[in-house]
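Heads up: the structure comes next, in structure tokens.
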Amino acid sequence: MKIAVVAIQGNVEEHISAAQAALKEMELPGEVLPVRHSGTIPTCDAIILPGGESTTLGRLMAREGIDVEIKEAAAAGKPIMGTCAGLVLLAKEGGEQAERTGQHLLGLMDISVDRNAFGGQRESFEVALEVSILDSPYNAIFIRAPVITSAKSGVEILASFNSQIVAAKQGNVIALSFHPELTEDFRIHRYFFELVE
Ligand code: GLN
């Protein structure tokens with residue numbers, strides 16, 4: 001199995017380590033490739049879009065032509081997981097902040113999002129979160145996290161916090177407000193890899 005981690009900016013090393021650890025736990029042979037340029041994504045089975053700064057990530061992905069490759073991969077049914085800023089990029093609608101900054105969006109999920117919905121860096125927090133795909137709570141770490149403000153039919157809500165949607169899935173595309181790569185609990189990465197055919 002070949003896993004692409006978009007490595008333009010943000011929590012890249014953490015996602016690579018978490019993906020490698022999850023594959024190891026699952027006893028699945030595979031490699032995890034950091035992707036900075038076009039050409040690699042079409043050879044991969046699943047794609048991870050890390051957190052970081054969504055405006056920068058969106059702009060650089062478009063410049064490198066990675067955005068088009070991710071859309072093609074999604075159309076081919078390959079699993080895609082976006083965390084934090086990655087969630088913002090997956091949305092069809094980016095809200096007021098995204099419009100103001102001319103945010104590039106991949107538009108792979110019928111969701112609207114609100115960036116930095118919980119405030120700035122100092123408002124970062126951890127919470128034991130009920131996630132529908134897991135059988136016990138997940139220690140979710142939120143850092144300048146976005147939320148999903150609305151989701152159309154076809155989008156499955158995986159988790160909410162304070163009445164706000166913080167995890168969702170549409171087809172094989174998963175969006176998380178929090179950072180599954182910053183804990184030692186690899187259940188979400190494992191669930192994601194199980195989606196690979
Ligand atoms: N708030 C950031 C953004 O929208 C995302 C923060 C993160 O990925 N940790 O760009």
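The values are calculated or read from the model by the stated rules, or taken from the named source; none is laboratory data. If you're wondering where the values come from, they're calculated on a predicted model, not measured in any experiment. Quick reminder, even Gly has a Cβ in these numbers, built from the backbone with ideal geometry, and neighbours come from all protein chains shown. These accessible areas exclude ligands, DNA and RNA; they are computed on the full protein's heavy atoms, side chains included. Shrake-Rupley method; radii C 1.70, N 1.55, O 1.52, S 1.80 Å.
Structure notes:
- Fraction of accessible area attributable to carbon and sulfur, the chain (%, probe 1.4 Å): 46 percent
- Amide H contacts under 5 Å for residue 129, placed H, 5+ residues apart: 138, 139, 140
- Derived scalar couplings ³J(HN,Hα) [the range 115-129; Karplus, 6.51 cos²θ - 1.76 cosθ + 1.60; whole Hz; x for Gly, Pro]: 6, 6, 5, 9, x, x, 3, 5, 8, 5, 7, 10, 8, 7, 10
- Anisotropy class of the chain from Cα gyration tensor, a/c 1.5 cut: rounded
- For the range 1-83, GluC sites (Glu not before Pro) are listed when DSSP marks them as loop and at most 12 other Cβ atoms sit within 10 Å of their Cβ; the list is 27.
- Built amide H within the under 5 Å cut-off of residue 26, gap 5+: none
- Surface per residue (accessible, 1.4 Å probe) for the range 12-62, Å²: 44 Å²
- Sorted peptide list for 83-93, 41-51, 111-121, 153-163, criterion being average Cβ within 10 angstrom, highest first: 83-93, 41-51, 111-121, 153-163
- Between the amide H of residue 160 and those of 166, distances stay under 5 Å, these residues lying 5 or more places away or on another chain, with hydrogens modeled in the peptide plane.
- Spin-label pair residue 24-residue 149: with each label point 7 Å from Cα along the Cα-Cβ axis, the two points sit 4.2 nm from one another.
- Once C-alpha pairs closer than 8 Å and six or more residues apart are averaged by separation and normalised to the residue number of the chain, the relative contact order reads 20 percent.
- Among 30, 95, 107: highest mean-square fluctuation, GNM of the chain, C-alpha pairs under 10 Å: 30
- Mean residue ellipticity (222 nm) of the chain, computed from DSSP H runs ≥ 4 via -39,500 (n - 2.57), nearest 500: -8000 deg cm²/dmol
- Span-like helix ranges in the chain, DSSP H, alpha carbon extent 24 angstrom or more, Kyte mean at least 1.6: none
- The Cα atoms of the range 86-125 cover 29, 19, 12 Å along the three principal axes, with the biggest extent listed first.
- 3J(HN,Hα) couplings calculated from phi for the range 95-107 with the Karplus curve 6.51 cos²θ - 1.76 cosθ + 1.60 (θ = phi - 60°) are, in sequence order, x, 4, 4, 5, 5, 4, 9, x, 4, 6, 10, 7, x Hz; Gly and Pro show x.
- In sequence order, the range 141-154 has phi-based couplings of 9, 10, 10, 6, 7, x, 10, 8, 8, 7, 9, 7, 5, x Hz under the Karplus curve 6.51 cos²θ - 1.76 cosθ + 1.60, θ = phi - 60°, and Gly or Pro positions carry x.
- Take the Cα of residue 123, step 7 Å toward its Cβ, do the same at residue 45, and the gap between the two points is 4.0 nm.
- Distance from the Cα centroid of the range 30-79 to that of the range 137-168 is 22 Å (rounded to whole angstrom).
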